[in-house]
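Asker: Got a structure for you, questions after.
Read the figures in this text as sums done on the coordinates, not as results from a lab. Given the structure is predicted, the values throughout are model-derived calculations rather than measurements. Positions of Cβ are generated from backbone atoms using ideal geometry, with glycine treated the same way; all protein chains shown enter the neighbour counts.
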């Protein structure tokens, strides 16, 4: 009867006569089940086969919801099945409308769980130890790390100061086959040109005044492992030529010696300078540039991944609370809003310093507020003070601050602001009109009416998936 009624309503029905046979249908990769209907009155073993089926289904990675039906909703077997994982139960005689409602509700739940599992899998596959962030730019960086870690090619990491270039280099090393070998970091800016040759390639005894014994350079220290050369754009031209020879021949000569030492080192370089421009100007060797930039990874600024700020702030907050023996604290809305509105010219390093300063100098309360921020950030915050006036005016004012903050962060791009707020673009437009909030001068261009309508439909349709992704990010 159910096959006839539900099949005619557009459902694809798989009918099996025994619970043991149901598992093969549910596990079918090409034609699995979204919802399981279980008739508890069909069984001669006291319901044990039913309970076994429910337990087996609930142990699946993404288990379809089970709806039981029978003549006694409060029977012992029905209650046991609820304990085992049945999500709903309908008494006979069946009300078809009630059954269809239960199926549709369970189907939506199963669909959401699949989206959540898919999002968790995506985030897990791109997660890199030491690299925090679920934004699209950081997901792309994580993907690049996974791709280049397994090969020994040279990598050039570019980006502004404080974006985490050394963290990425370290992550590549840890994910590679050289993970158990040395990781040696060297910054060109930390030494004068006269000492860089010695630091990188070493010297022999008597090579210069004071050289009382032989010394290995950074390349030999990193043998079989990875060397990370930061600020490669500041390397002098004569040293560029020597570095190029080491990269090409995999051998080096120490200062004061003509004996060549073989080295097996993976080289990762980083810079915040425009090496292409330097090549055109003649201040950086073109052949060296092509040698070190077989693979390039561009690090996003913190401004371009502002949605990662709360996650980073929470991480640094707990890290520095532990480091300085301080009580872990939460962040007020005002504190967090100031962080998301700041332009962060110093990127993640600046955010790290701000959080450490706030932890060290915080007042005795249990939450970090606007007063705990540096003076230059306090003016960017919404107030931590309790709102005054009527309930409706307070709510309206808070909405206005949230919308304005999202628009400022995304420079007037309403689509991105709507996604950050978890609402549709259409609803954001209504809020802008209701709250008298003007968009940024850099707002997105107006679209034709028919295109806007299509865009709003897409926005509305994508909200469940976006919700699942956000949930996955929080779980991860």
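Asker: Give me the distance in nm between label points sitting 7 Å out from Cα along the Cα-to-Cβ direction at residue 4 and residue 241, one decimal.
Answerer: 9.4 nm
Asker: Still on this structure, please answer the following. Go through 216-222, 267-273 and give me the packing order, highest mean Cβ count within 10 Å leading.
Answerer: Going by the mean number of other Cβ atoms within 10 Å, highest first, we get 267-273, 216-222.
Asker: Give me the Debye-computed log₁₀ of I(q)/I(0) at q = 0.08, 0.12, 0.17 Å⁻¹ for region 136-300, equal point scatterers on Cα only, no solvent, two decimals.
Answerer: So the normalised log intensities are -0.23, -0.52, -1.03.
Asker: What's the FRET efficiency of residue 175 with residue 349 using the Cβ-Cβ distance as r and R₀ = 30 Å, to the nearest 0.05?
Answerer: 0.85
Asker: Would you work out if region 303-378 is rounded, prolate or oblate? Take a ≥ b ≥ c from the square roots of the eigenvalues of the alpha-carbon gyration tensor; rounded if a/c is under 1.5, else prolate when a/b is larger than b/c, oblate otherwise. Please report the intermediate quantities before stating the final value.
Answerer: On the way: a/c = 1.71, a/b = 1.40, b/c = 1.22.
Since a/c reaches 1.5 and a/b is larger than b/c, the shape of region 303-378 is classed as prolate.
Asker: Shifting gears a bit: Given the C-alpha centroids of region 195-246 and region 53-76, what is the distance between them in whole angstrom?
Answerer: 68 Å
Asker: At 0.890 mPa s and 25 °C, plugging the Kirkwood radius over alpha-carbon pairs of region 203-350 into Stokes-Einstein gives what diffusion coefficient in µm²/s?
Answerer: So the translational diffusion coefficient is about 127 µm²/s.
Asker: Can you tell me the mean projection area, over all orientations, of the convex hull of region 54-116's alpha carbons? Units nm², please.
Answerer: 4.3 nm²
Asker: Could you give the nm distance between label points at residue 253 and residue 429, where each point is 7 Å from its Cα heading toward the beta carbon?
Answerer: 7.2 nm
Asker: Using a basic spin-label model with each label point 7 Å from the Cα along Cα→Cβ, how many nm lie between residue 109 and residue 91?
Answerer: Taking the two extended label points, one gets 2.0 nm.
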